[in-house]
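J.: Before I ask anything, let me first share the structure, which is written out below as C-alpha coordinates.
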Amino acid sequence: MDKPVLIGFSDVAPHLIKMQKEILPLHQGMQVYLSTLNPIVYFRWGKHTTNRELAKIHIPPVGKTYTICFNPVLDSVGIPAEVLMSFLWHEYVHIYKPPFKEGDRWINHYPEFHEVERRDPNYYFSNRWIRENL
Ligand SMILES: [Zn+2]
(Lines give C-alpha, C1' and ligand atoms only; values in the text may rest on other atoms or scores of the structure.)
Protein backbone atom coordinates (compact mmCIF):
# COMPACT_ATOMS: atom_id res chain seq x y z
CA MET A 1 0.00 0.00 0.00
CA ASP A 2 1.69 3.24 -1.05
CA LYS A 3 -0.34 5.56 1.18
CA PRO A 4 -1.01 3.73 4.44
CA VAL A 5 -3.32 5.00 7.12
CA LEU A 6 -1.25 6.76 9.72
CA ILE A 7 -2.06 5.90 13.30
CA GLY A 8 -1.00 7.81 16.38
CA PHE A 9 -1.59 6.88 19.99
CA SER A 10 -2.22 9.41 22.70
CA ASP A 11 -2.70 6.83 25.45
CA VAL A 12 -0.86 3.71 26.42
CA ALA A 13 -3.26 0.88 27.15
CA PRO A 14 -2.95 -2.84 26.55
CA HIS A 15 -5.67 -2.99 23.96
CA LEU A 16 -4.36 -0.09 21.92
CA ILE A 17 -0.95 -1.72 21.89
CA LYS A 18 -2.61 -4.97 20.89
CA MET A 19 -4.41 -3.16 18.07
CA GLN A 20 -1.23 -1.57 16.87
CA LYS A 21 0.78 -4.78 16.90
CA GLU A 22 -1.76 -7.42 15.96
CA ILE A 23 -4.89 -5.90 14.55
CA LEU A 24 -3.82 -3.06 12.28
CA PRO A 25 -1.55 -5.26 10.14
CA LEU A 26 -4.58 -7.47 9.56
CA HIS A 27 -6.60 -4.48 8.42
CA GLN A 28 -5.27 -4.31 4.88
CA GLY A 29 -8.78 -4.84 3.54
CA MET A 30 -9.90 -1.45 4.79
CA GLN A 31 -6.75 0.28 3.58
CA VAL A 32 -7.88 -0.46 0.03
CA TYR A 33 -10.75 1.95 0.62
CA LEU A 34 -8.77 4.57 2.50
CA SER A 35 -5.51 4.69 0.54
CA THR A 36 -6.65 7.41 -1.89
CA LEU A 37 -8.10 9.51 0.95
CA ASN A 38 -4.84 9.29 2.90
CA PRO A 39 -6.34 10.11 6.31
CA ILE A 40 -4.45 10.55 9.55
CA VAL A 41 -6.21 8.65 12.31
CA TYR A 42 -5.59 8.97 16.03
CA PHE A 43 -6.96 6.67 18.70
CA ARG A 44 -7.88 7.61 22.22
CA TRP A 45 -9.95 6.31 25.07
CA GLY A 46 -13.22 8.05 25.90
CA LYS A 47 -14.08 9.15 29.42
CA HIS A 48 -17.38 7.41 29.91
CA THR A 49 -18.24 3.78 30.35
CA THR A 50 -21.97 4.37 30.69
CA ASN A 51 -22.71 5.59 27.17
CA ARG A 52 -23.89 2.72 24.96
CA GLU A 53 -21.80 4.09 22.13
CA LEU A 54 -18.71 1.89 22.06
CA ALA A 55 -16.68 3.75 19.50
CA LYS A 56 -17.03 7.12 17.85
CA ILE A 57 -15.12 9.00 15.20
CA HIS A 58 -14.62 12.72 15.18
CA ILE A 59 -14.83 13.91 11.60
CA PRO A 60 -13.28 17.32 11.05
CA PRO A 61 -15.19 19.88 8.92
CA VAL A 62 -11.99 20.34 6.90
CA GLY A 63 -8.78 18.37 6.74
CA LYS A 64 -7.91 14.72 7.02
CA THR A 65 -7.11 14.29 10.71
CA TYR A 66 -9.60 12.02 12.43
CA THR A 67 -9.84 10.81 16.01
CA ILE A 68 -11.44 7.52 16.90
CA CYS A 69 -12.56 7.41 20.47
CA PHE A 70 -13.10 4.03 22.14
CA ASN A 71 -15.34 3.42 25.12
CA PRO A 72 -13.17 2.27 28.06
CA VAL A 73 -15.49 -0.72 28.42
CA LEU A 74 -13.57 -2.13 25.44
CA ASP A 75 -10.33 -2.03 27.44
CA SER A 76 -10.81 -5.57 28.60
CA VAL A 77 -8.84 -8.68 27.93
CA GLY A 78 -12.10 -10.51 27.26
CA ILE A 79 -12.80 -8.67 23.99
CA PRO A 80 -11.84 -10.77 20.97
CA ALA A 81 -9.50 -9.18 18.45
CA GLU A 82 -12.13 -9.71 15.74
CA VAL A 83 -14.56 -7.50 17.64
CA LEU A 84 -12.02 -4.69 18.02
CA MET A 85 -11.31 -5.01 14.31
CA SER A 86 -15.01 -4.62 13.57
CA PHE A 87 -15.22 -1.44 15.66
CA LEU A 88 -12.28 -0.06 13.71
CA TRP A 89 -13.83 -1.16 10.44
CA HIS A 90 -17.10 0.60 11.25
CA GLU A 91 -15.35 3.84 12.19
CA TYR A 92 -13.13 3.68 9.11
CA VAL A 93 -16.24 3.34 6.94
CA HIS A 94 -17.28 6.75 8.29
CA ILE A 95 -14.16 8.16 6.58
CA TYR A 96 -14.85 6.34 3.32
CA LYS A 97 -18.60 7.02 3.34
CA PRO A 98 -18.85 10.33 5.21
CA PRO A 99 -22.00 11.73 6.79
CA PHE A 100 -24.10 14.13 4.76
CA LYS A 101 -26.79 16.64 5.58
CA GLU A 102 -30.40 16.07 4.61
CA GLY A 103 -32.47 19.11 5.48
CA ASP A 104 -31.14 20.04 8.90
CA ARG A 105 -30.13 16.60 10.11
CA TRP A 106 -26.98 14.60 9.56
CA ILE A 107 -27.22 11.15 8.03
CA ASN A 108 -24.39 8.97 9.34
CA HIS A 109 -25.50 5.44 8.48
CA TYR A 110 -27.14 4.94 5.09
CA PRO A 111 -27.45 2.05 2.62
CA GLU A 112 -24.07 2.64 0.89
CA PHE A 113 -22.44 2.90 4.33
CA HIS A 114 -23.95 -0.44 5.45
CA GLU A 115 -22.95 -2.07 2.19
CA VAL A 116 -19.25 -1.33 2.90
CA GLU A 117 -19.69 -2.12 6.59
CA ARG A 118 -20.87 -5.64 5.74
CA ARG A 119 -17.65 -6.29 3.80
CA ASP A 120 -15.92 -6.54 7.18
CA PRO A 121 -14.74 -10.16 7.30
CA ASN A 122 -15.73 -10.34 10.99
CA TYR A 123 -19.08 -8.60 10.61
CA TYR A 124 -21.40 -11.46 11.60
CA PHE A 125 -19.12 -12.91 14.26
CA SER A 126 -18.67 -9.51 15.91
CA ASN A 127 -22.33 -8.50 15.87
CA ARG A 128 -23.28 -11.75 17.46
CA TRP A 129 -20.53 -11.49 20.09
CA ILE A 130 -21.56 -7.91 20.95
CA ARG A 131 -25.22 -8.90 21.27
CA GLU A 132 -24.37 -11.76 23.60
CA ASN A 133 -21.62 -10.15 25.67
CA LEU A 134 -21.88 -6.37 25.86
ZN1 LIG B 1 -21.26 4.80 13.02
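J.: Going by what's in this entry, would S86 be described as among the polar types (S, T, N, Q), under 11 Å from the mean Cα position of the chain (by Cα), crowded, with 18+ Cβ neighbours inside 10 Å and at negative phi?
T.: Here the answer is yes, as S86 does meet what is asked.
J.: Take the stretch 85-134 and flag every residue that is within 11 Å of the ligand (Cβ to nearest atom) and polar (S, T, N, Q).
T.: N108
J.: If you scan the stretch 61-84, which residues turn out to be within 16 Å of the ligand (Cβ to nearest atom) and either of a type outside the set (S, T, Y) or at pLDDT below 80 (or both)?
T.: Selection gives I68, C69, F70, N71, L74, V83, L84.
J.: Tell me whether the stretch 96-107 contains one or more residues that are at pLDDT 90 or above, surrounded by 11 or more Cβ atoms within 10 Å (Cβ to Cβ), part of a helix (DSSP H, G or I) and of a type outside the set (D, E).
T.: So far as the stretch 96-107 goes, no, none of its residues is at pLDDT 90 or above, surrounded by 11 or more Cβ atoms within 10 Å (Cβ to Cβ), part of a helix (DSSP H, G or I) and of a type outside the set (D, E).
J.: Out of E112, E82, report the one residue that is out of contact with any helix residue (DSSP H, G or I) (no Cβ under 9 Å at 6 or more places or on another chain) and either in contact (Cβ under 8 Å) with a residue 60 or more places away in the chain or assigned to a helix (DSSP H, G or I) (or both).
T.: Result: E112 is the single residue among E112, E82 that is out of contact with any helix residue (DSSP H, G or I) (no Cβ under 9 Å at 6 or more places or on another chain) and either in contact (Cβ under 8 Å) with a residue 60 or more places away in the chain or assigned to a helix (DSSP H, G or I) (or both).
The values are calculated or read from the model by the stated rules, or taken from the named source; none is laboratory data. In this text the structure is predicted, and so the values were computed from the model without any measurement. Note that we place each Cβ from the backbone using ideal geometry, even for glycine, and neighbour counts take in every protein chain shown.
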